[in-house]
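Beneath this line is the structure, given in structure tokens, with notes to follow.
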Amino acid sequence: MDRLIVRPRETPLSGTVRVSGMTKNAGLKQMAASLLAPGMTTLSNMTNVADLSTMYELLGSIGATVNKIDDTTYTIDSSGELSPEAPYDLVSRMRASINVLSPLLARIGYARVSLPGGDNIGVRKLDMHFKALEKMGATFDLEHGYIEARADKLVGARIVLEFPSVGATENILTAAVLADGQTVIDNAAREPEVRDLCTFLTKMGANIDGAGTSTITIEGVKELVPTTHSIVGDRIEAGTMLMACGIVGGEITLEGVTISDLEMVVLKLGDMGMKVSPTRDGIWAMATTPLRSVDISTLPFPGFATDYMPMAVALLSTCEGTSIVTENIYDNRFGFTEELVRMGADIRTEGRHCVIRGVNQLSGTQVRANDVRAGAALCLAGLVATGETVVHDTVHVWRGYHDLAKSLSKLGADVTWESDE
Ligand code: EPU
């Protein structure tokens, strides 16, 4: 659907909402990793986000069959012969396409993967992926915008990442599990989605130590077998709901997510004056508006994730006082702030920093989402803006959220989809 229509409500948010599985940033990687084990893999707690269809298409073109069993369960059958190509059309649409590189190298010794190029949030290089895989015996040629990777045999190696890249850690992991000998990844990404990939690979028979820490050791095994796995709850969707509560005020409960996966967000929301605590299966939160300003710097996990940043800026726009937000992961992720300014926010950006002076009132208007989290941020701002906020280009929002309007509506917000059809 084309647009999100957001209107303010006088009443605070309240109620309970179940957080989806982290399909975009965890489930899709596991779909790609399932290529390592010929046979039928089953993934549950998945949601039908737009990128899932792209992964469907990609795995289909590679020669695997994806089937939907029910709303949250999918099987991937990779028992047939695989074709090595990930075309530009799919890789440029979805970053997670790059995760087929190592499984293809491990399984058939050859992969031809388009280079994705930059996107709306900045330059997104792959040099660490290539350097690490070269150390493990792969060779790379660049031709007509495609990377041609070859490896007769992948061998274990010690790899020190210059930055704890999520994607590079994932590609190294899926290369190492079937490589000859031991691989050690130092300065590995510690994100919950990387930990979840390790859990999935371990269930397939991989030998991995140190998942969720910055040193991961993998002993290569001869073969992996298909498995069944329920993917991790979506910490970014959970953070979005918590910040919605912070912006409107109210008392909410989230199910299906672990508070330790959101530790830094919870700390920052606490500094702003929100009360957040764990429940048996999730998180409880209460906010009385307006909250207080805080400074935030985005960092790899367990730091404050860049994927929360746009929603945090929307929230800080309504807080009392001045905040400074520093974006350390991407070089161009402040594009959405111009749209917030059009809604009356007081935000000044300068390189990697933005200064936000809290205002008493935002006002609704027509705005455009330039990436998935920008869309969520504009939607949150609309929850307290006067009049109607119309968020266009919601194609980006569907990439990462199963149904943002529905989740927010369950908490009493007035958010609906509108389409031209
Ligand atoms: N980088 C390099 N060289 C590399 C790899 C990364 O310079 O070889 C740089 C990138 O250019 C970027 C930074 O390192 O500036 C972080 O990249 P990383 O590899 O950690 O991220 P990613 O795997 O490309 C995933 C998520 C992003 C999320 C980041 C960081 C998926 C599909 N994407 O991307 O999610 O921001 O990790 O946590 O998992 C989102 O959900 O909105 C989103 C953008």
(message) Considering only the range 114-134, I want to know if a residue exists there that is over 25 Å from the mean Cα position of the chain (by Cα) and either exposed (fewer than 15 other Cβ atoms within 10 Å of the Cβ) or within 13 Å of the ligand (Cβ to nearest atom) (or both).
(response) yes
(request) Could you tell me whether the range 139-160 includes any residue that is in a strand (DSSP E or B), out of contact with any Phe, Trp or Tyr (no Cβ under 7 Å at 6 or more places or on another chain) and without any contact (Cβ under 8 Å) to a residue 12 or more places away in the chain? (result) yes
(request) Output the residues belonging to the range 273-282 that are in contact with a Gly (Cβ under 9 Å, 6 or more places away or on another chain) and in a strand (DSSP E or B). (result) 276, 282
(request) Say whether the condition of being in a loop (DSSP other than H, G, I, E, B), in contact with a Phe, Trp or Tyr (Cβ under 8 Å, 6 or more places away or on another chain) and under 30 Å from residue 231 (Cβ atoms) is met by at least one residue in the range 296-318. (result) yes
(request) Search the range 136-169 for residues being farther than 26 Å from residue 88 by Cα and open to solvent by 80 Å² or more (accessible area, probe 1.4 Å), and hand back the single one that is modelled with the lowest pLDDT. (result) 153
(request) Read through the list (1) open to solvent by less than 40 Å² (accessible area, probe 1.4 Å); (2) farther than 24 Å from residue 262 by Cα; (3) at pLDDT below 95, then give the number of the only condition that residue 371 fails. (result) (2)
(request) Taking only the range 257-308 into account, find how many residues are of a type in the set (Lys, Arg), open to solvent by 50 Å² or more (accessible area, probe 1.4 Å) and either within 23 Å of residue 347 (Cα to Cα) or in contact (Cβ under 8 Å) with a residue 12 or more places away in the chain (or both). (result) 2
(request) Consider residue 167 carefully, then state whether it is out of contact with any Gly (no Cβ under 9 Å at 6 or more places or on another chain), closer than 23 Å to residue 103 by Cβ and part of a loop (DSSP other than H, G, I, E, B). (result) no
(request) Inspect the range 327-347 for any residue being basic (Lys, Arg) and without any contact (Cβ under 8 Å) to a residue 60 or more places away in the chain and give the result as yes or no. (result) yes
(request) Return only the number of the condition from (1) at pLDDT 95 or above; (2) away from the ligand (no atom under 12 Å from the Cβ); (3) in contact with a Phe, Trp or Tyr (Cβ under 7 Å, 6 or more places away or on another chain); (4) of a type outside the set (Phe, Trp, Tyr) that residue 50 does not satisfy. (result) (1)
(request) Would you please list the contacts, defined by Cβ atoms under 6 Å and residues six or more apart or on different chains, that run from a residue in the range 212-225 that is touching a residue at least 24 places away in the same chain (Cβ under 8 Å) and closer than 18 Å to residue 175 by Cβ to a residue that is buried (at least 19 other Cβ atoms within 10 Å of the Cβ) and among the polar types (S, T, N, Q)? (result) 218/183
(request) Any chance you could count how many residues in the range 309-334 are open to solvent by 30 Å² or more (accessible area, probe 1.4 Å), of a type outside the set (Val, Ile, Thr) and within 16 Å of the ligand (Cβ to nearest atom)? (result) 4
(message) When you scan the range 20-29, do you find a residue that is touching a Leu at 6+ places or on another chain (Cβ under 6 Å), modelled with pLDDT of 95 or more and part of a strand (DSSP E or B), even just one?
(response) no
(message) Tally up the residues in the range 16-32 that are open to solvent by 30 Å² or more (accessible area, probe 1.4 Å) and away from the ligand (no atom under 15 Å from the Cβ), please.
(response) 2
(message) If residue 84 satisfies all but one of (1) away from the ligand (no atom under 16 Å from the Cβ); (2) over 16 Å from residue 36 (Cα atoms); (3) buried (at least 20 other Cβ atoms within 10 Å of the Cβ), what's the number of the condition it fails?
(response) (2)
(message) Condition first: part of a helix (DSSP H, G or I) and more than 22 Å from the chain's Cα centre (by Cα). Now tell me which residues in the range 84-113 satisfy that.
(response) 104, 105, 106, 107, 108
(message) Which residue is most open to solvent (accessible area, probe 1.4 Å), if the candidates are limited to the range 33-81 and must be in a loop (DSSP other than H, G, I, E, B) and among the small types (Gly, Ala, Ser)?
(response) 79
(request) Identify the single condition in (1) of a type outside the set (S, T, N, Q); (2) free of Cβ contacts under 8 Å to residues at least 40 places away in the same chain; (3) crowded, with 18+ Cβ neighbours inside 10 Å; (4) farther than 19 Å from residue 129 by Cα that residue 232 does not satisfy, given that it satisfies every other one. (result) (2)
(message) On the basis of being within 22 Å of the chain's Cα centre (by Cα) and of a type outside the set (Phe, Trp, Tyr), does residue 13 make the cut?
(response) no
(message) Which numbered condition in (1) surrounded by fewer than 20 Cβ atoms within 10 Å (Cβ to Cβ); (2) more than 23 Å from residue 33 (Cα to Cα) is the only one that residue 254 fails?
(response) (1)
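The values are calculated or read from the model by the stated rules, or taken from the named source; none is laboratory data. No experiment lies behind these values; they were computed from the predicted model shown. Note that each Cβ is placed from the backbone with ideal geometry, even for glycine, and that neighbours are counted across all protein chains shown. Side chains included, ligands, DNA and RNA excluded: accessible areas come from the protein's heavy atoms. Shrake-Rupley method; radii C 1.70, N 1.55, O 1.52, S 1.80 Å.
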